[in-house]
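**Student:** This is the structure, below, for whatever I ask next.
Rule-based calculations on the coordinates, nothing more; no lab input. Model, not experiment: these values are computed from the prediction. Note that we place each Cβ from the backbone using ideal geometry, even for glycine, and neighbour counts take in every protein chain shown.
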Protein chains: 2
Amino acid sequence: MERLFIYNTLTRNKEEFKAINAPHVGMYVCGPTVYSDVHLGNCRTFMSFDVIYRYLTHIGYKVRYVRNITDAGHLEGDADVGEDKISKKAKLSQLEPMEIVQKYTVGFRDVMNLFNLLPPSIEPTATGHIIEQQQIAKKIIENGLAYDVNGTVYFDVEKFAKSHNYTALTGRKLDELLENTRDLDGQEDKRGRLDFALWIKAKPEHLMQWPSQWGQGFPGWHIECSAMSTKYLGEQFDIHGGGMDLAPTHHTNEIAQNIAYCGKSPANYWMHTNMLTVKGQKMSKSLGNSFLPMELFSGDHELLSKGYSPMAVRFFMMQTHYRSTLDFSDEALQAAEKAFNRLMEGYKTLQHLQSSASSSEDIKALERKCYDAMNDDFNTPVLIAHLFEALRIINSANDKKTTLTQVDIELLKTIYKHFVFDVMGLKTEEEGNNKAGTALEKVMNLVLDMRTKAKANKDFATSDQIRDKLSEAGIQVKDGKEGATWTIN
Amino acid sequence: MERLFIYNTLTRNKEEFKAINAPHVGMYVCGPTVYSDVHLGNCRTFMSFDVIYRYLTHIGYKVRYVRNITDAGHLEGDADVGEDKISKKAKLSQLEPMEIVQKYTVGFRDVMNLFNLLPPSIEPTATGHIIEQQQIAKKIIENGLAYDVNGTVYFDVEKFAKSHNYTALTGRKLDELLENTRDLDGQEDKRGRLDFALWIKAKPEHLMQWPSQWGQGFPGWHIECSAMSTKYLGEQFDIHGGGMDLAPTHHTNEIAQNIAYCGKSPANYWMHTNMLTVKGQKMSKSLGNSFLPMELFSGDHELLSKGYSPMAVRFFMMQTHYRSTLDFSDEALQAAEKAFNRLMEGYKTLQHLQSSASSSEDIKALERKCYDAMNDDFNTPVLIAHLFEALRIINSANDKKTTLTQVDIELLKTIYKHFVFDVMGLKTEEEGNNKAGTALEKVMNLVLDMRTKAKANKDFATSDQIRDKLSEAGIQVKDGKEGATWTIN
């Protein structure tokens, strides 16, 4: 097994990864709240953990990857005031909340499929675990770290903090936190201003509510993740992930809940993905600089000159390490698209390279570097740099400037298979477009034959016609020593 | 609004459809049990209700379509003995039950997508409604029609039958039912042999269990549908559907539960789809004559000579009315594929028909016949016959044997759009294969141009080469008065 190092938010250090019960790995990632279209920042988080899931699996771990769907209980703001977001939208549009949930869950899955994310092992829903959430709240009350007031159950942060490090995940000081937190209207029942709700009393008009020993209500947001991670991965598991915006409140409270419930901090490694910016500015709806995945694909947005394929966007995201800010711009996407197409063209070229008796390049060492990059906290940008070194070698061998043995050619194919396709989860655009794609390959062979013939016959009218029509069809032809190759834009 | 007639299993009559609260329609269909690959019979049922959903929507109803996912509680056999099917498989494969659920739910969705089924409005799960199921069981006990024995809650069928018609749905005689039902081991707690479980006590080793007022347990199979239909559609709604094998037990018990719970029979119209046969024999695993959807698509089955596209299979299924037995054979599939391709080719031809000052055909009457077919209990085979009449007119107009005004040409396009695409849910095979498909269209224009030129120049070497290569690419060219058209096989 590879020696893998992971940056752990909890210790603020890169640490060697030791699975609790190798080769099994339990990984929990906070999933989407399905009351609106999934935004690009979420896509980046889930794509990052998709690569982590893929790499762990590739190096031999058996990963149980749980990513939840929040279909209830997520309040506006983290302060537990206001209405449940899903119910609110339901009232406005006269829909049943679960209709909204279905609409955006289907949309979420479509986007995940387009981005070629593997489905997680389990995708549990908050509404599917109401009983489990009630049981945890009950146990925390029994353990003296929560209290119920008028049908709402609060977690007692200050009492918890007396015997535990409440802010372990972020390293912030509790005093400062207390000073910077305001008392909020409608929260007069709370004993301390940092206390948060485990279970919330429902007003009669609230659309999503369930019976409980504290009366009709619905779960707080944080408790669903404690309930679902514990149920499917146990009280202690290996990796917990999410966007870095979740660390200060949601994940901090999740850890507190788990300790208060069973005395154990849930995960050994906490991993957080960084945020998105657009030309250096925070991506936000109010700034008008945020785009939805579907707008990226169609190009239907004023900041975009054209649409980008899901694979080009995936490649673009992989070019930045998951812990760094990812900056979007039309120019950067264009550059990524070109680089991605070149990388994929290299794979085609690789299929008909001619082997030599000896190699002038060390492909084995290159493969090692790819593993080393991924072992260093899943460093995809460094991995991509090595893959472009592989591409340079392939093109150089194609131009007869480099020699490769058949074994090394096969190893290059393996590197592509493992790192480009399996680990980074990229795929050629044509894949899946079976019939039309296959027919196009064959028809293009015919067209390129006729072009060669026309050129040989000095029939320039025909060869010009072919060039123009192919260009109109978005097909670029490139002449090489081994004959012409082509790509679709 | 169209006058629609629906065959109602409950009354054994075709009745005019009257929505309780038009234009709203509530429709509930029993969905898949996700512990194995979805079988073709289920696909047929869901496809039939997809067409019903599409047609109701097309004629102006606002349909809330609920199709559940059974992810717990479905026992082996309907007799409530044996283990929960999902837990059993989990123990064998050392998987968490919800991992099995996820695997087969994802597979189910993939097949539904390939068959171009619209997602239902809500897809609730059994595990997501444990509390609701417990509440219904509790209420039925309070109403005196269920009893709990040692942690299991049974529905008292004979007591219910004293004041209600238990077998209303099938019209069977209760006495015969009693005579033909055996007492089963492990069911000694039941008062009557027809009694069925609403809640089942769990053995400690049972993997899926929840706390309840009767102790740890899990819900019976039938109660989930009562809980979910009531929650999302109310105590009385319009249409309840499923495979006809569900009528005698599952649906009969569901009706009894609802009446015992709230005094109301849930649905006004009960619709049941018929079974599949293969060359006249019942499709079954043990006879070796059953195939999975994916085997149909790949052709990887000894009874199949080739693979069939999802749309060809969908068309094939539509050729039989949903209440008739659907007989599968390789020959019938081949014939359906050809017919489907001809129908789709007609749509292409339609795009470049030349209009005349008058029409020699009555297209308006033809459109009326399409509606009449669907209004007659969703009679898709009759609809298809009318669509082939439309095809005949299109081809005849293309051959200048029939004249059509521009208005009638547009109306034919509307008929295709409404009935072929919107209502029957068919689509051209190339759709979705965007890039390669679009490029292929353009490259084919070039190739057909060059073919015309070669023929004009009597350059038969070239025109033969084009013919051979296109045939190799699976492309069939057909010459017509308006120029050549082509299709991919």
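**Student:** Could you tell me what percent of the DSSP beta bridges with both partners in chain B are antiparallel, to the nearest 5?
**Tutor:** Given both bridge residues lie in chain B, the antiparallel proportion sits at roughly 55 percent.
**Student:** May I ask you to evaluate 6.51 cos²θ - 1.76 cosθ + 1.60, the Karplus curve with θ = phi - 60°, for each residue of the range B:156-165 and list the ³J(HN,Hα) values in order in whole Hz, giving x for glycine and proline?
**Tutor:** Karplus values, whole Hz, x for Gly and Pro: 8, 5, 5, 5, 4, 5, 5, 10, 9, 8.
**Student:** Too long at a 26 Å Cα-Cα cut-off: which of B:LYS427/B:LYS478; A:LYS18/A:LYS159; A:LYS103/B:LYS348; A:LYS285/B:LYS427; A:LYS442/A:LYS469?
**Tutor:** Violating the 26 Å Cα-Cα cut-off are A:LYS18/A:LYS159; A:LYS103/B:LYS348; A:LYS285/B:LYS427.
**Student:** Once the dipole of the protein assembly as shown is set up with Lys and Arg at +1 and Asp and Glu at -1 on Cβ about the Cα centre, which of B:ILE255, A:PHE5, B:ILE394 lies farthest towards its positive end?
**Tutor:** B:ILE394
**Student:** What is the mean number of Cβ atoms from other protein chains located within 10 Å of the Cβ atom of each residue in peptide A:440-451, rounded to a whole number?
**Tutor:** Per residue, the average neighbour count from other chains is 6.
**Student:** Please report B:CYS370, A:CYS262, A:CYS30 as a ranked list, fewest other C-beta atoms within 10 angstrom at the top and most at the bottom.
**Tutor:** Lowest to highest Cβ neighbour count: A:CYS262, B:CYS370, A:CYS30.
**Student:** Let me check against my output: what whole-number percent is the relative contact order of the range B:5-273, with C-alpha pairs under 8 Å and at least 6 apart?
**Tutor:** RCO, the range B:5-273: 25 percent.
**Student:** Within chain B, which whole H helices from DSSP have a Cα span along their axis of at least 15 Å and a mean Kyte-Doolittle hydropathy of -0.5 or more, if any?
**Tutor:** B:40-58, B:97-114, B:130-142, B:221-233, B:252-262, B:380-398, B:434-456
**Student:** Rounded, prolate or oblate, given the Cα gyration tensor of the range B:200-282, with a/c below 1.5 counting as rounded?
**Tutor:** oblate
**Student:** Trypsin sites (Lys or Arg not before Pro) within the range B:11-72: which are DSSP loop residues with at most 15 other Cβ atoms inside 10 Å?
**Tutor:** Of the trypsin sites (Lys or Arg not before Pro), the ones in loops of the range B:11-72 whose Cβ has at most 15 other Cβ atoms within 10 Å are B:ARG12, B:LYS18.
**Student:** Percent antiparallel among DSSP beta bridges with both residues in the protein assembly as shown, to the nearest 5?
**Tutor:** In the protein assembly as shown, approximately 55 percent of DSSP beta bridges are antiparallel ones.
**Student:** Neighbour counts of other C-beta atoms within 10 Å: give me A:SER463, A:SER324, A:SER329 arranged from fewest to most.
**Tutor:** In increasing order of surrounding Cβ atoms, one gets A:SER324, A:SER329, A:SER463.
**Student:** Any idea what the A:ASP175 label distances to the other copies are, label 7 Å down the Cα→Cβ vector, nm, shortest first?
**Tutor:** 8.9
**Student:** Right, here's the next one. Let a ≥ b ≥ c be the square roots of the eigenvalues of the Cα gyration tensor of the range A:434-488; is it rounded (a/c under 1.5), or, if not, prolate (a/b larger than b/c) or oblate?
**Tutor:** Because a/c hits 1.5 or more and a/b exceeds b/c, the range A:434-488 counts as prolate.
**Student:** Loop-only check: which trypsin sites (Lys or Arg not before Pro) in the range A:304-393 are DSSP coil with at most 13 other Cβ within 10 angstrom?
**Tutor:** Here the trypsin sites (Lys or Arg not before Pro) that fit, given the DSSP loop and packing criteria, are A:LYS306.
**Student:** For B:TRP199, enumerate residues with amide H under 5 Å from its amide H, sequence gap 5+ or separate chain, H modeled in the peptide plane.
**Tutor:** B:VAL153, B:GLY220
**Student:** Read phi for every residue in the range B:322-329 and hand back ³J(HN,Hα) as whole Hz from Karplus 6.51 cos²θ - 1.76 cosθ + 1.60, θ = phi - 60°, with x for Gly and Pro.
**Tutor:** 4, 8, 9, 5, 9, 9, 8, 7
**Student:** With +1 assigned to the C-beta of every Lys and Arg and -1 to the C-beta of every Asp and Glu, and no other charges, what is the dipole magnitude of chain B about the Cα centre in debye, to the nearest 20?
**Tutor:** I would put it at about 1060 debye.
**Student:** Enumerate the calculated ³J(HN,Hα) couplings along the range A:18-31 in order (Karplus 6.51 cos²θ - 1.76 cosθ + 1.60, θ = phi - 60°), each rounded to whole Hz, writing x wherever the residue is Gly or Pro.
**Tutor:** Per-residue couplings from phi come out as 10, 6, 4, 9, 4, x, 6, 10, x, 10, 10, 10, 5, x Hz.
**Student:** Right, here's the next one. Cross-link candidates for A:LYS306: which aspartates and glutamates have Cα within less than 12 Å, leaving aside residues fewer than 8 places away along the same chain?
**Tutor:** Counting by Cα, and skipping residues close in sequence, A:LYS306 has these aspartates and glutamates nearby: A:GLU295, A:ASP330, A:GLU331, A:GLU337.
**Student:** Also, quick follow-up: What residues qualify as long-range amide H neighbours of A:VAL149, i.e. H under 5 Å apart, gap of 5 or more or another chain, H built at 1.01 Å from N?
**Tutor:** A:TYR154
**Student:** Let me ask something else. Quick one: A:GLU16, A:GLU132, fewest Cβ neighbours within 10 Å first, how do they rank?
**Tutor:** Arranged by neighbour count, lowest to highest, A:GLU16, A:GLU132 become A:GLU16, A:GLU132.
**Student:** Sequence-distant or interchain residues sharing an amide H contact under 5 Å with A:ILE69, placed H: which?
**Tutor:** Answer set, sorted by chain and number: A:THR125, A:ALA126.
**Student:** Defining a contact as two alpha carbons under 8 Å apart and six or more residues distant in sequence, what relative contact order in percent does the range A:195-293 show?
**Tutor:** 22 percent
**Student:** In the range A:5-273, what % of DSSP beta bridges are antiparallel (nearest 5)?
**Tutor:** The antiparallel fraction comes to roughly 50 percent.
**Student:** Taking the alpha-carbon distance from B:LYS203 and a cut-off under 13 Å, which aspartates and glutamates remain once sequence neighbours fewer than 8 residues away in the same chain are dropped?
**Tutor:** Filter leaves B:GLU83, B:ASP84.
**Student:** Here's something else I'd like to know. Which distances in nm, rounded to one decimal and ordered from shortest, link the label point of B:LYS458 to the equivalent label points in the other identical copies, with labels set 7 Å from Cα toward Cβ?
**Tutor:** For B:LYS458, the inter-copy label distances come out at 2.5 nm.
**Student:** Still on this structure, please answer the following. Using a ≥ b ≥ c from the Cα gyration tensor of the range A:283-423 (square roots of the eigenvalues), is it rounded, prolate or oblate, where a/c under 1.5 gives rounded and otherwise the larger of a/b and b/c decides, a/b for prolate?
**Tutor:** prolate
**Student:** Whole Å is fine, so just give me how far the alpha carbon centre of the range A:446-489 lies from that of the range A:256-284.
**Tutor:** Taking the Cα centre of the range A:256-284 as reference, the centre of the range A:446-489 is 53 Å away.
**Student:** Further question on the same structure: At most 15 other Cβ atoms within 10 Å and a DSSP loop assignment: could you name the GluC sites (Glu not before Pro) in the range B:220-299 that fit?
**Tutor:** For GluC sites (Glu not before Pro) across the range B:220-299 that sit outside H, G, I, E and B with at most 15 neighbouring Cβ atoms in 10 Å, the list reads B:GLU235.
**Student:** Find which of A:PHE340, A:MET112, A:TYR65 sits farthest along the positive direction of the dipole of the protein assembly as shown, computed with +1 on the beta-carbon of Lys and Arg, -1 on that of Asp and Glu, about the Cα centre.
**Tutor:** Of the candidates, A:PHE340 comes out farthest on the positive side.
**Student:** Ratio of alpha-carbon Rg to the 2.2 N^0.38 Å globular estimate for chain A, to two decimals, please.
**Tutor:** Scaled against compact globular proteins, the figure is 1.15.
**Student:** Give A:LYS62/A:LYS282; A:LYS162/A:LYS282; B:LYS138/B:LYS190; B:LYS14/B:LYS413 a once-over and call out the pairs whose C-alpha atoms are over 29 Å from each other.
**Tutor:** The answer is A:LYS62/A:LYS282; A:LYS162/A:LYS282; B:LYS14/B:LYS413.
**Student:** If you place +1 on the Cβ of every Lys and Arg, -1 on the Cβ of every Asp and Glu, and leave all else neutral, what size is the dipole of the protein assembly as shown about its Cα centre, to the nearest 20 Debye?
**Tutor:** In debye, rounded to 20, the protein assembly as shown gives about 1540.
**Student:** Determine the dipole magnitude for the range B:5-273: charges of +1 sit on the beta-carbon of Lys and Arg, -1 on that of Asp and Glu, nothing else is charged, the reference point is the Cα centre, and the result goes in debye to the nearest 20.
**Tutor:** 680 debye
**Student:** Could you estimate the translational diffusion coefficient of the range A:5-273 from the Stokes-Einstein equation, with Rh from the Kirkwood formula over C-alpha pairs, at 10 °C and 1.306 mPa s, in whole µm²/s?
**Tutor:** Value of D from the Cα-based Kirkwood radius: 83 µm²/s.
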